Every structure is written in C-alpha cells, then in structure tokens.
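Here is the structure we will look at.
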Amino acid sequence: RVLFRSIDTYPATIVELQRLCGSEVASLFAEPVRPTKPDPDNPQITWFTPLDGQMLDLTTIDEVARRPVIATLRRRIDQLKPALADPEIGPVIASWLNITAPSDLLSVGGNPVLINWGYLPADIAKSGIRREAHFADTIGRYAPELQRPPFTSEESASYGDRVRNNSRTAAAAPAPPPTDPPVSTPAAAATYFPGAASMPVEPPRSGAGLRAPLIA
C-alpha cells in the first residue's frame with residue numbers, strides 16, 4: 001500500500017521552509033501533486049517546479065556540466081541546515097532527503113531539484129543499515145556531515161538530538177570531501193512507482209493550510 005502522508009505535509013511545511021531558508025532553498029524540493037482520481041494499481045505523483053530551463057537527470061550528464069549543479073546543491077543543503085535544526089519541522093524536512101535513487105536528483109536550468117523525495121524502495125526501507133548505505137549513495141555523498149534522514153517514527157523523534165550531538169562533534173571530526181555520482185540509466189522524472197514506502201510524519205502546526213506559490 002502506498003503511504004502519502006509525507007507529501008501531504010508539503011503545503012504547510014514548504015511555507016515554513018521558505019520563511020526559514022528562502023525560496024531558492026525551498027525550490028530544491030519539487031511540489032508533489034497526486035491525480036484527482038488515483039489508480040490503486042498504478043499510483044503516480046506528478047512533480048512540479050517553479051524553475052525554468054532544460055530538465056536533465058543529473059546522473060546522465062558529463063562531469064564538467066554536473067560540477068556547477070553539484071556546487072549549487074551543496075550550497076542549498078548547507079543553507080537548509082537552519083530548517084533541519086528546527087525542533088518542529090526539522091525531522092519532516094530531513095525525511096524529504098530520502099529519495100528512491102540517484103536519478104531522482106534533476107538539473108532544471110542548472111538548478112538542483114529533487115523528485116520522489118520522502119520515499120525509499122521497500123526493500124531498503126525495511127533495514128536501517130541499508131538506509132544508511134542508500135543515503136550515502138544518494139544525497140549523503142554531497143553532504144556527508146548530515147545525519148541519516150529519519151524514516152520511522154522513532155527515528156523522527158530522536159532526529160533533533162542526533163543533529164545537536166553531531167554539531168558538537170563536527171569540529172573534532174571534519175567530513176571527507178564528497179564525490180560525484182557515477183553515470184547511470186535515467187528513471188522516469190514525473191512518476192511515483194509501486195514498491196516504495198514513505199515515512200508517516202505529522203504536519204507542522206504553524207502555517208498549516210497555506211500553500212507555496214509554485215508554478216507548474
């Protein structure tokens with residue numbers, strides 16, 4: 001069964017993210033839109049972005065063209081940290097850093113954009129060890145100092161403590177430089193697929209009911 005609670009928090013959470021970190025950082029996360037009449041046998045989500053320009057799967061372009069997009073991605077993740085440290089929306093935003101595959105990271109007009117965020121392949125979602133390795137192979141390769149995103153309710157509850165503990169020890173243990181991802185086969189950019197799972201999360205209280213001003 002497909003769980004949609006993670007993306008259902010988007011309208012309220014994105015407003016808080018814009019307030020804390022700005023619209024450029026918020027644009028990292030594509031807007032999820034479910035069909036008005038979803039098909040249980042073929043669940044799909046369409047992802048929208050306010051950004052203009054050519055859309056490319058980042059894993060399919062050469063290293064030279066990829067380099068400035070990755071630099072922007074690292075800057076966006078660094079600018080995201082005030083939201084990750086927020087006691088209310090931090091665990092929710094962190095859970096959005098779960099993606100199904102490296103091909104869920106797109107370049108839109110040279111800007112990084114995530115689709116299929118909040119989801120993991122079902123076989124990876126079942127194992128904390130596999131989630132750790134999967135994160136290191138996806139978003140974690142660009143920000144190895146980040147804690148693994150929460151995926152269970154227990155991980156969500158303890159995420160803030162892990163972030164604070166990591167901040168206290170970061171100076172003593174500098175992170176190694178991340179590496180670029182290998183080229184791989186592109187995946188569908190605008191569909192959610194069966195066999196994935198999302199973390200059930202509660203929406204933030206402040207800003208509830210508001211919707212971000214994004215354009216398809």
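Each value in this text was obtained by applying a stated rule to the coordinates, not by laboratory testing. Since the model is a prediction, treat every value here as computed from it, not as a measurement.
Dividing the radius of gyration of the alpha carbons in the range 84-136 by their Kirkwood radius gives 1.02 for Rg/Rh.
3J(HN,Hα) along the range 45-57, derived from phi through the Karplus expression 6.51 cos²θ - 1.76 cosθ + 1.60 where θ = phi - 60°, amounts to 10, 9, 10, 10, 9, x, 7, 9, x, 5, 9, 9, 6 Hz, with x in place of Gly and Pro. Amide H contacts of GLN44 (H built 1.01 Å from N, in plane; Pro and chain starts excluded): ASP39 sit under 5 Å, all sequence-distant by 5 or more or on other chains.
Mean sequence separation of contacting Cα pairs (under 8 Å, at least six apart), scaled by the length of the range 52-172, corresponds to a relative contact order of 28 percent. Contact order, relative form, for the range 1-112: 34 percent (alpha carbon pairs under 8 Å, 6 or more residues apart, mean separation divided by residue count).
In this structure the amide hydrogen of ALA30, modeled in the peptide plane, comes within under 5 Å of the amide hydrogens of LEU114, none closer than 5 places in sequence on its chain. In sequence order, the range 108-120 has phi-based couplings of 10, x, x, 9, x, 9, 9, 10, 6, 6, x, 10, 9 Hz under the Karplus curve 6.51 cos²θ - 1.76 cosθ + 1.60, θ = phi - 60°, and Gly or Pro positions carry x.
In order along the range 137-143, phi translates into HN-Hα couplings of 8, 10, 5, x, 5, 9, 8 Hz, rounded to whole numbers, per the Karplus curve 6.51 cos²θ - 1.76 cosθ + 1.60 with θ = phi - 60° and x for Gly and Pro.
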